[in-house]
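Novice: Below are the structure tokens for one structure; questions will follow.
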Amino acid sequence: MYLTKEEELALSGEYGPAVQKAMEILVALGDIYNADRLIPIKSAQIAGVSYKNLGEYGMQFLRDFVEMGAKVSVYTTLNPAGIGDEEFTEKQQEILDLYRAMGVEITSTCTPYYGPNLPKFGDHLAWSESSAVSFANSVLGARTNREGGPSSLAAAIVGKTPKYGLHLEENRKATHVIKVEAEVKERTEYSILGYRIGEIVKDGVPYIKGIRPDVDDLKAMGASMAASGSVALYHVEGETPEWRVALTDDVEKIAVDKKDLQDVRDRFSAEWGAVDFILLGCPHASLREIKEIAELLRMRNRPLKVPLFVTVSKSVKALADYLGYTEIIERYNGKLLSDVCLVVSPVNEWYSGVATNSGKAAFYFKSFGLNVRLDSLEKIIMEAP
Amino acid sequence: MKLKGRGIGRGIVEGEIVVSRVPLSFLGGVDPETGIITDAESDIKGESIKGKILAFPRGKGSTVGSYVIYALAKSGNGPKALIVEDAETIVTVGAIISGIPLVTGIDIKKLKTGMRVRVNAETGEVEIIGERDL
């Protein structure tokens, strides 16, 4: 990989051990993926935040990096944190403090684009969280690979990333055409469709025909695809910013019909009796989704017997507080949790079953051994005990 | 016999090799306190990689695996060097942050557990310098 004089100096340790270590990571990745050079990034979003995932070893790495004087050089936000017992909370706080010491903005969310980390078309990024990566690439038209924790941190410190993968135009072309031959309207149906597409295309780039999603539907669908497969970029005909340039000649064509979607639905059909909490806001809820939840609760007009958690980013929570939605949700036994994610928390120690409208949450909770009911927002709120 | 691949990181080390024929997950697959392989799908489950040179086709599983490699190195239970057929992000980043020499692009079918090898991360060469004493 070609390095500029400045980059050579960074690699030789001229700017300190932290920059040197970060450069070593980027150069090694550039070499294995045959990048020709490093390119500047506009922002980073770092995984490896929850103590559940990071553990003692990851914390040790962060402590050592801070000790070496690591500082980020571009705008950088974090993945959501976990919640747990007292010891967990203490460790979680230390992790956040370590990131803060490196100059990272402590907005721990999988929807940084609702806050200050909003990329624009064509921006190169080093983002980690799978649904955020999918949204940035597919809906916003920015360019990022699915980074791991240390590689996104290294990119944040240097302010650059190796030019390979989805930073190259040729890798952003569709690998599959998905013809949707079922009526998909409601948001959870988009989530289910995404789940099925992820299973079909795995790490490919799907080009989807026959749907008219709104922006929240796109978020839900992309998150599911990134969980059941490892899709980092998709295109929707007539909708997403790169659909016109996404198709090439020899692309595999696959139809998805009603039966395919029912098959996914059937895997997440726990009875209400097996559900001991409700999770909404995976990925973190938009203000509009919070408004929908509050309005449905008001229509239902009696408190939920199972606790309802709505996970959100700090910035959206502040708006929901200001506009009075938080108060309505709390009135009916709901709670808005900001900056955290239940998928990266030890939920299986507290609960045995969940109802959710998110295909992504359904995928992970099932893998933790929970009973899962995947249903529409309206049905969950109206039919819950 | 010399095998030629691509070196990542720094250093030249010599030692005994442990060869896994299947991809390896470090998160949940290697005990960082002992260096013993615990991955249920591994063909070298129960063997220790402490102080050995570990050869395997490629990494798999969570990217948190990079931190497990770091923990192994920090606690002194890590491998001396890594040899892979195909380097991906988890193993590459793990090796770099831990300062463990890594050589990629090696046909590991040519390697057998117990051989003595010299791994050169500068030139990308793996040299077999002795067979196992039986």
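Novice: Tell me, yes or no, whether segment A:49-69 has at least one residue that is open to solvent by less than 30 Å² (accessible area, probe 1.4 Å) and away from chain B (no Cβ under 14 Å).
Specialist: The answer is no; no qualifying residue exists.
Novice: State whether one or more residues within segment A:356-372 are at pLDDT 95 or above and hydroxyl-bearing (Ser, Thr, Tyr).
Specialist: The answer is yes, given that some residue of segment A:356-372 is at pLDDT 95 or above and hydroxyl-bearing (Ser, Thr, Tyr).
Novice: Would segment B:109-117 turn up any residue that is under 16 Å from B:ARG21 (Cα atoms) and either of a type in the set (Val, Ile, Thr) or within 14 Å of another protein chain (Cβ to nearest Cβ) (or both)?
Specialist: yes
Novice: Which residues, counting only those in segment A:197-223, are in contact with a Leu (Cβ under 8 Å, 6 or more places away or on another chain), crowded, with 23+ Cβ neighbours inside 10 Å and under 24 Å from A:THR356 (Cα atoms)?
Specialist: Across segment A:197-223, the qualifying residue is only A:MET221.
Novice: Answer yes or no as to whether A:GLY141 is in contact (Cβ under 8 Å) with a residue 60 or more places away in the chain, surrounded by fewer than 18 Cβ atoms within 10 Å (Cβ to Cβ) and either touching a Leu at 6+ places or on another chain (Cβ under 8 Å) or assigned by the TED database to the domain that holds A:GLY122 (or both).
Specialist: Yes: the conditions hold for A:GLY141.
Novice: To continue, here is another question. State yes or no: is B:GLY130 at pLDDT below 95, open to solvent by less than 60 Å² (accessible area, probe 1.4 Å) and in contact with a strand residue (DSSP E or B) (Cβ under 7 Å, 6 or more places away or on another chain)?
Specialist: Yes, satisfied.
Novice: Examine segment A:342-349 for a residue that is crowded, with 18+ Cβ neighbours inside 10 Å and under 24 Å from A:LYS291 (Cβ atoms), and state whether such a residue exists.
Specialist: Looking through segment A:342-349, at least one residue is crowded, with 18+ Cβ neighbours inside 10 Å and under 24 Å from A:LYS291 (Cβ atoms).
Novice: Among the strands (runs of 3 or more DSSP E) confined wholly to segment B:1-98, which include 2 or more residues that are open to solvent by 10 Å² or more (accessible area, probe 1.4 Å)?
Specialist: Ranges flagged: B:2-4, B:6-8, B:12-19.
Novice: Within segment A:33-48, take every residue that is within 26 Å of B:PRO32 (Cα to Cα) and touching an Asp or Glu at 6+ places or on another chain (Cβ under 9 Å) and give me the one that is least open to solvent (accessible area, probe 1.4 Å).
Specialist: Among them, the one singled out is A:ILE46.
Novice: Counting only residues that are in contact (Cβ under 8 Å) with a residue 12 or more places away in the chain and either touching a Lys or Arg at 6+ places or on another chain (Cβ under 9 Å) or surrounded by fewer than 18 Cβ atoms within 10 Å (Cβ to Cβ) (or both), how many does segment A:74-90 have?
Specialist: 5
Novice: Residue by residue through segment B:61-83, note down the ones that are basic (Lys, Arg) and within 12 Å of chain A (Cβ to nearest Cβ).
Specialist: B:LYS74
Novice: Moving to a separate point now. Quick check on my filter: what residues within segment A:243-264 are charged (D, E, K, R), surrounded by fewer than 18 Cβ atoms within 10 Å (Cβ to Cβ) and within 22 Å of A:GLY222 (Cβ to Cβ)?
Specialist: If the condition is that a residue be charged (D, E, K, R), surrounded by fewer than 18 Cβ atoms within 10 Å (Cβ to Cβ) and within 22 Å of A:GLY222 (Cβ to Cβ), then A:ARG244, A:GLU252, A:LYS253, A:ASP257, A:LYS258, A:ASP263 are the ones that fit.
Novice: Also: Can you pull out the helices (runs of 4 or more DSSP H) entirely within segment A:78-172 that have at least 3 residues that are over 15 Å from the mean Cα position of the chain (by Cα)?
Specialist: Here the list reads A:86-101, A:149-158.
The values are calculated or read from the model by the stated rules, or taken from the named source; none is laboratory data. Only a predicted model underlies this, so the values are computations on that prediction, with no experimental measurement involved. Glycine gets a Cβ as well: all are built from the backbone with ideal geometry, and neighbour counts include every protein chain shown. Keep in mind that these areas ignore ligands, DNA and RNA; they rest on the heavy atoms of the full protein, side chains included. Shrake-Rupley method; radii C 1.70, N 1.55, O 1.52, S 1.80 Å.
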